[in-house]
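Colleague: Take a look at this one; I'll ask things after.
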């Protein structure tokens with residue numbers, strides 16, 4: 001299986017420039033105060049760029065993700081075309097990181 005992209009600063013400009021318009025799984029991590037970055041959300045999409053931009057938009061309904069915008073955030077992704085691979089990868093990463101925003105604010 002392919003590797004994840006490098007972590008990138010999670011901004012609208014960066015997503016528009018660098019995130020692919022292909023299917024895959026993505027992680028969003030947050031830098032809170034002086035602590036090490038923590039993965040706050042794991043998701044999957046049929047169009048990574050579009051979904052990552054949705055999270056940055058004014059229509060985001062996940063209160064936890066909205067709250068963490070005040071902190072520096074990074075994102076990374078892995079391109080996976082098959083739905084079964086995305087389901088497996090997303091589930092694996094949620095189990096590994098237990099991201100706060102996957103369980104709160106929905």
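The values are calculated or read from the model by the stated rules, or taken from the named source; none is laboratory data. As the structure is a prediction and not an experimental result, all values here were calculated from the model. Neighbour counts run over all protein chains shown; Cβ positions are idealised from the backbone, glycine included.
Colleague: Go through (1) in a strand (DSSP E or B); (2) modelled with pLDDT under 95 for residue 2 and report which single condition fails.
Modeller: Residue 2 satisfies every listed condition except (1).
Yes or no, residue by residue, for (1) in contact with a strand residue (DSSP E or B) (Cβ under 7 Å, 6 or more places away or on another chain); (2) over 20 Å from residue 8 (Cβ atoms); (3) at pLDDT 95 or above:
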position: 46; (1), (2), (3): no, yes, yes
position: 49; (1), (2), (3): no, no, yes
position: 58; (1), (2), (3): no, yes, no
position: 63; (1), (2), (3): no, yes, no
position: 72; (1), (2), (3): yes, no, no
position: 91; (1), (2), (3): no, yes, yes
position: 105; (1), (2), (3): no, yes, no
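Colleague: With 88, 61 as the choices, which residue is free of Cβ contacts under 8 Å to residues at least 24 places away in the same chain, over 21 Å from residue 6 (Cβ atoms) and loosely packed, with under 15 Cβ neighbours inside 10 Å?
Modeller: Result: 88 is the single residue among 88, 61 that is free of Cβ contacts under 8 Å to residues at least 24 places away in the same chain, over 21 Å from residue 6 (Cβ atoms) and loosely packed, with under 15 Cβ neighbours inside 10 Å.
Colleague: Right, something else. What do you reckon, is residue 11 free of Cβ contacts under 8 Å to residues at least 60 places away in the same chain, in contact with a helix residue (DSSP H, G or I) (Cβ under 9 Å, 6 or more places away or on another chain) and farther than 22 Å from residue 91 by Cβ?
Modeller: yes
Colleague: Return the residues of region 64-85 that are assigned to a loop (DSSP other than H, G, I, E, B) and buried (at least 16 other Cβ atoms within 10 Å of the Cβ); say none if nothing qualifies.
Modeller: If the condition is that a residue be assigned to a loop (DSSP other than H, G, I, E, B) and buried (at least 16 other Cβ atoms within 10 Å of the Cβ), then 80 is the only one that fits.
Colleague: Do you know which residues across region 15-58 are in contact (Cβ under 8 Å) with a residue 24 or more places away in the chain and in a helix (DSSP H, G or I)?
Modeller: Of everything in region 15-58, those that are in contact (Cβ under 8 Å) with a residue 24 or more places away in the chain and in a helix (DSSP H, G or I) turn out to be 15, 16, 48, 49, 50, 51, 52, 53, 55, 56.
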